[in-house]
């Protein structure tokens, strides 16, 4: 599943991904938000919710 990354000031990264993406990621992030693995259509909606809450 594709990972979404929220960038603030081009230095702080918050990674929003599923369990497989979190395990495979080698990014230096300040926080990783792990969401449950779902169908790709539903995942797009689920991944957008934390981004809207962080904005």
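The values are calculated or read from the model by the stated rules, or taken from the named source; none is laboratory data. These numbers come from a predicted model, not from an experiment. Heads up, the Cβs are rebuilt from the backbone with ideal geometry, glycines too, and the neighbour counts pull from every protein chain shown.
General remarks:
- Filtered by the rule that a residue be within 9 Å of the chain's Cα centre (by Cα) and either in contact (Cβ under 8 Å) with a residue 40 or more places away in the chain or farther than 15 Å from residue 51 by Cβ (or both), segment 22-38 gives a lone residue, 22.
- Taking the chain and the strands (runs of 3 or more DSSP E) fully enclosed by it, the elements with 1 or more residues that are surrounded by 10 or more Cβ atoms within 10 Å (Cβ to Cβ), in contact with a strand residue (DSSP E or B) (Cβ under 9 Å, 6 or more places away or on another chain) and at pLDDT 80 or above are at 12-17, 31-34.
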